[in-house]
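These notes are about the structure you will find just below.
Please treat every number below as a calculation from the coordinates, not as lab data. This is a predicted model, so every value here is computed, not measured. A quick note on method: Cβ atoms are made from the backbone with ideal geometry, for glycine too, and the neighbour counts reach across all protein chains shown.
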There are 4 protein chains.
Amino acid sequence: MMKITVINTGGTFNKRYNPIKGQLEVPKDNIALNKIIESCHNVQFDIKNIISKDSLDMTDVDRERICTEIQNSISDNIIIIHGTDTIHLTSAMIKKRIVDKKIVFTGAMVPMSIDESEATMNFSMALGFLSANPSLGTYIAMHGVVVNSSKLVKNREEGKFLIQE
Amino acid sequence: MMKITVINTGGTFNKRYNPIKGQLEVPKDNIALNKIIESCHNVQFDIKNIISKDSLDMTDVDRERICTEIQNSISDNIIIIHGTDTIHLTSAMIKKRIVDKKIVFTGAMVPMSIDESEATMNFSMALGFLSANPSLGTYIAMHGVVVNSSKLVKNREEGKFLIQE
Amino acid sequence: MMKITVINTGGTFNKRYNPIKGQLEVPKDNIALNKIIESCHNVQFDIKNIISKDSLDMTDVDRERICTEIQNSISDNIIIIHGTDTIHLTSAMIKKRIVDKKIVFTGAMVPMSIDESEATMNFSMALGFLSANPSLGTYIAMHGVVVNSSKLVKNREEGKFLIQE
Amino acid sequence: MMKITVINTGGTFNKRYNPIKGQLEVPKDNIALNKIIESCHNVQFDIKNIISKDSLDMTDVDRERICTEIQNSISDNIIIIHGTDTIHLTSAMIKKRIVDKKIVFTGAMVPMSIDESEATMNFSMALGFLSANPSLGTYIAMHGVVVNSSKLVKNREEGKFLIQE
């Protein structure tokens, strides 16, 4: 059975509404992820829940932590759930530092708890991509495609990740 | 931009509740599919909506129709949305007849209109798989993996597609 | 705190999709109801789950059972969740037989599991109506109003309950 | 047909996620409300969308505006959708100023766009209460009951409206 390590670092993908505070929070759990993978009957997941931050608040220490988790992962197939605002920074750092794994970054513009389709699509594209046994490298799965992580860039005005040639 | 032809033939993936008849129907539209692809900003889809049947009712004539649509498709990347009960029959027939395209069958055990996560996951794995530029062939994307179409089989007692070695 | 007895007899309100059978079923549980009442912090509910049928299959024996449950209820405020096809028959029978309680029939055209708004609206109108301390009698809460149970009739062509003067 | 004026002033009930800004906003539209009333086939609604604020930002000028809208309403049955943080202030002011209408305040702790059941329940209790033809007065419909507006108070620690004797 296919083995995949998922490193869930937080971001919009995971956000949930806290009715007492009246705002969205990044919870320290995998509820959003678990809803998707409950139908993944042919994958053995190893899930690491770390950091749990909006990616605007992610520090260099956090990025080192992600790097260490990847280096220690039991699988060479890795999906990283990450906030969209600094996913380009973390993926660029990982791309330089780790060359012997298949790493797919993903995330969402809309929380899974608000609308399931975009978050589920982005994560599941990563699954399908890893099923194809791609070359070692660092990729990003967002908005319809999975490509080399430097090629897909967030357009902040439109709220879309778009391929940048 | 990546081009993908989607041949939407119906099945549980598309079913919607008709409150007047009090039952689920296979509609002749792409509402379920459109919800998923509205976030696919980096793919150009060519969508064919044909047959619109529960796959238990699919005939040899219907299968010929699917075959013809594939042969005439403007893209070599093809996703076929199909009912789960006879997806093995149609994919086996297509596998024999068409060898010069990348064809991914998918579907769902639960209608998109009832729960978005499984249907979105299955379809989106097909997207991610095609992003990896796989070999020509006929595949199936269900329940966590995308594999050669003969290898993933519906277990009717459990309601799961499972890899059969 | 307000006390309400809820007699949940099944019907479309409760239906859920069974992915293994590929069809909607009337489950023998209160999952649909529980989703609504989890926000009812000012009501003490006594819930009876009986019959669990599509109302087309409801028999005279079933109706006697409902009558007995009402007579034995610990509260005089009663909400009955019932299938829409024979809600007029059961409510007419109860109206004749029980005159010393406040009984509100309700149900849904679309299962709570498929779309939460109509089922929640119908049930919650019954709650609001009972909050107003109405006269003893048998009522129906559907599609925007709560009225004497003989006045609101299902229009089968349109799939709507409409007031019949 | 029953006539009801709905004055939609904003609040959590209406909030929607803006993926570009990455936050919840109070939109200047009735999308949340329209989802509920699309099944209200026996009510003629007159909807006023005004203010569109989180109720913490509501000013005395805004409250005067609500008062004027009520005085000018074409129906004597009025539902006011309001943020939960200052619903007690606005309802207390309206209670003093207007004595010849049936006014029901309502709102939600969780946006309709995130979870439909609580918002739908609160609004629909107001509908059911007005169906019972209550005495003139100012009421609040939240969390299972509809009572005199001064009797139901937000418990901020628990995120619940609770009856205060």
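Do any trypsin sites (Lys or Arg not before Pro) in segment A:21-71 lie in a loop, going by DSSP, with at most 15 other beta-carbon atoms within 10 Å of their beta carbon, and if so which? Walk me through the numbers on the way to the answer.
Working: sites: A:Lys21, A:Lys28, A:Lys35, A:Lys48, A:Lys53, A:Arg63, A:Arg65; in loops: A:Lys21, A:Lys28.
When the trypsin sites (Lys or Arg not before Pro) of segment A:21-71 are filtered for loop state and at most 15 Cβ neighbours within 10 Å, A:Lys21, A:Lys28 remain.
Please give the average number of partner chain Cβ atoms lying within 10 Å of the Cβ of each residue in D:131-137, rounded to a whole number. Kindly include the intermediate steps, with their values, before the conclusion.
Values: counts 12, 12, 2, 6, 1, 0, 0.
For this peptide, the per-residue mean of nearby foreign Cβ atoms is 5.
Using only the Cα atoms of segment D:2-163, what semi-axes does the equivalent ellipsoid have when each is the square root of 5 times a gyration tensor eigenvalue? Give whole Å, largest first. Mind dumping the intermediate values first?
Details: eigenvalues 95, 61, 53 Å².
Ellipsoid semi-axes (Å, largest first): 22, 17, 16.
To the nearest 0.05, what FRET efficiency results for A:Glu38 and D:Met93 with a Förster distance of 35 Å applied to their C-beta separation?
Values: r = 49 Å, r/R0 = 1.41.
Rounded to the nearest 0.05, the efficiency is 0.10.
Output ³J(HN,Hα) for segment A:153-161: one whole-Hz value per residue in order, computed from phi by the Karplus curve 6.51 cos²θ - 1.76 cosθ + 1.60 with θ = phi - 60°, and x for Gly and Pro.
Result, rounded to whole Hz: 10, 6, 8, 5, 5, 9, x, 10, 8.
In peptide B:60-67, how many Cβ atoms from other protein chains are near each Cβ within 10 Å, on average? List each step's numbers first, then the result.
Working: counts 0, 0, 0, 0, 0, 0, 0, 0.
For peptide B:60-67, the averaged partner shielding equals 0.
Please list 3J(HN,Hα) in residue order for segment A:38-55, calculated via the Karplus relation 6.51 cos²θ - 1.76 cosθ + 1.60 where θ = phi - 60°; whole Hz, with x for glycine and proline.
5, 9, 8, 7, 10, 9, 9, 8, 10, 9, 10, 9, 9, 6, 6, 10, 4, 5
What is the pair-distance distribution P(r) of the protein assembly as shown, computed from all Cα-Cα distances in 20 Å bins starting at 0, with each bin given as a whole percent?
18, 44, 32, 6
Report the GluC sites (Glu not before Pro) located in segment D:23-123 that are in a DSSP loop and have at most 14 other Cβ atoms inside 10 Å of their Cβ, or state none.
On the way: sites: D:Glu25, D:Glu38, D:Glu64, D:Glu69, D:Glu116, D:Glu118; in loops: D:Glu38.
Counting only loop positions with at most 14 other Cβ atoms within 10 Å, the GluC sites (Glu not before Pro) in segment D:23-123 are D:Glu38.
Label position 7 Å from Cα toward Cβ: report the copy-to-copy distances for C:Gln44 in nm, one decimal, ordered from shortest.
So the distances to the same position in the other copies read 4.3, 5.3, 6.8 nm.
Take peptides C:71-81, D:93-103 and line them up by average Cβ neighbours within 10 Å, highest first, as a rough protection proxy. Write out the running numbers ahead of the final one.
On the way: C:71-81: 18.9, D:93-103: 16.4.
Going from most to least packed, we get C:71-81, D:93-103.
Relative to the other copies, what are the label-point distances for C:Gln23, with labels 7 Å from Cα along the C-beta vector, expressed in nm at one decimal and sorted shortest first?
Ordered by distance, the counterparts are at 0.8, 5.1, 5.2 nm.
Taking a label point 7 Å out from Cα toward Cβ, give me the nm distances from A:Ser150 to the same spot in the other copies, shortest first, one decimal.
Spelled out, the distances from A:Ser150's label point are 4.2, 7.1, 8.1 nm.
Could you list which residues have their amide H under 5 Å from that of A:Val6, counting only those 5 or more apart in sequence or on another chain, with H placed in the peptide plane?
Distant-sequence amide H within range of A:Val6: A:Asp46, A:Ile47, A:Lys48, A:Ile79.
When you look at the Cβ of every residue in D:99-112, what mean number of other chain Cβ atoms sits within 10 Å? Could you put the intermediate results ahead of the total?
Details: counts 0, 0, 0, 0, 0, 1, 0, 1, 0, 2, 5, 5, 4, 1.
Averaged over the peptide's residues, the number is 1.
For chain B, what's the relative contact order in percent, using C-alpha pairs closer than 8 Å and at least 6 residues apart? Provide the component values of the computation, followed by the final result.
Values: 327 pairs, mean separation 38.3, N = 165.
Relative contact order comes out at 23 percent.
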